[in-house]
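One structure is given here, and the rest of the page talks about it.
The values are calculated or read from the model by the stated rules, or taken from the named source; none is laboratory data. What you see is a predicted model, and the numbers here were worked out from it, not measured in a lab. Here the Cβ positions follow ideal geometry from the backbone for every residue, glycine too, while neighbour counts run over all protein chains shown. In case anyone asks, the SASA skips ligands and DNA or RNA and just uses the protein heavy atoms, side chains included. Shrake-Rupley method; radii C 1.70, N 1.55, O 1.52, S 1.80 Å.
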Amino acid sequence: MVHETRSRTHAAEEGKNAPKGQKEEHKEQEGGKERPSKNKKPVEPEAPTKTKKLKGGESELDGKENSTKEFEDFCKAIREHLSVEDMRKILEANDQDASGPEDAVVQICEDMMFYGPLEKCPMCGGQLECKGWKYKCTGKYSEWASCIFSSSNPPRRSDPIKVPEDISNDFVNKWLKQQEGKGYPKRDVDEEAHIFSGMMIALSGRMSRSHAYFKEQILNHGGKVNNSVLGVTCVVASPAERDKGGSGGFAEALERGTPVVSENWIVDSIQKKEAQPLAAYDIVSDVVPEGRGLPLDKLDPSEEAIETLAAES
Ligand SMILES: [Zn+2]
């Protein structure tokens with residue numbers, strides 16, 4: 001359902017707002033919504049459905065839980081039975097990136113064997129990379145701009161996994177046999193729960209709604225909220241705060257060069273189900289001289305931006 005393409009900034013987003021520590025802590029908390037296959041024998045008498053830990057919209061719990069569990073079991077088994085070297089060979093045979101560090105290779109291989117080989121990027125033909133719950137393109141548009149394609153539901157091939165002949169692995173053979181004639185399950189990532197994953201966010205000054213409200217929004221979508229500006233990914237403040245010269249955390253953020261963004265960054269990120277580039281919501285670039293120079297088309301076309309333009313002319 002999601003085919004997010006972020007068009008706001010290309011270069012501007014690079015580096016600047018890459019969430020730190022966005023590891024794989026949440027990796028296995030969700031999985032496909034459908035059962036792996038329709039024509040599968042009736043397995044598993046309904047396992048008691050646990051309540052969903054992660055907040056999310058839909059309520060297709062059963063299939064989802066089952067498929068997640070199957071994927072987890074599969075991951076466990078494959079780690080036991082298949083060496084990383086063999087995983088690399090299998091990835092290569094299926095035209096996937098096999099060059100990463102062990103962790104990445106294991107993760108990519110699990111994802112590919114269970115959910116199907118990734119197609120190339122629909123925007124640039126580059127390699128898509130599985131980053132826990134997001135798939136990002138590693139390709140480039142040109143020398144200076146990386147491709148921004150990112151999706152939680154990337155295009156996948158439907159052909160069976162190819163295994164090089166020199167790998168004779170009982171586990172893999174059995175798995176392939178078992179998969180014969182079945183389609184791949186759809187990996188359904190609860191992306192809403194991860195929008196702000198790996199981010200520490202501070203709220204500053206008066207906002208259009210209470211801090212408690214915004215805090216809840218951030219927590220519900222995987223982020224953390226910090227009272228101090230120290231070490232945060234960004235500070236969220238209202239433009240009015242800036243106009244007053246900024247109080248408390250605002251001034252400190254400026255000193256530290258921490259990005260200060262408008263509330264719309266939270267609102268839009270949630271709406272678009274992906275953290276939006278901070279640079280596009282920066283409300284101090286017109287205060288801090290070195291922050292200038294963001295091309296107009298990269299500015300957030302929201303009231304703040306217009307306000308800024310109005311103030312400048
Ligand atoms: Zn691409």
Scanning region 139-180 residue by residue, the ones that are more than 15 Å from the ligand (Cβ to nearest atom), small (Gly, Ala, Ser) and either open to solvent by 30 Å² or more (accessible area, probe 1.4 Å) or not assigned by TED's automatic domain parsing to the domain that holds Asp73 (or both) total 2
If I filter region 103-124 down to residues being part of a loop (DSSP other than H, G, I, E, B) and touching a residue at least 60 places away in the same chain (Cβ under 8 Å), which single residue comes out as nearest to the ligand (Cβ to nearest atom)? Met123
Output the number of the condition that Ala240 fails; it satisfies all remaining conditions of (1) open to solvent by 50 Å² or more (accessible area, probe 1.4 Å); (2) over 20 Å from Trp265 (Cα atoms); (3) at pLDDT below 90. (2)
What are the pairs with Cβ atoms under 8 angstrom where one residue, in region 135-147, is touching a residue at least 12 places away in the same chain (Cβ under 8 Å) and the other, located anywhere, is open to solvent by 70 Å² or more (accessible area, probe 1.4 Å) and part of a strand (DSSP E or B)? Sequence gap at least six, or different chains. Ser146/Lys140; Cys147/Lys140
Can you find a residue in region 32-44 that is among the hydrophobic types (A, V, I, L, M, F, W, C) and at pLDDT below 50? yes
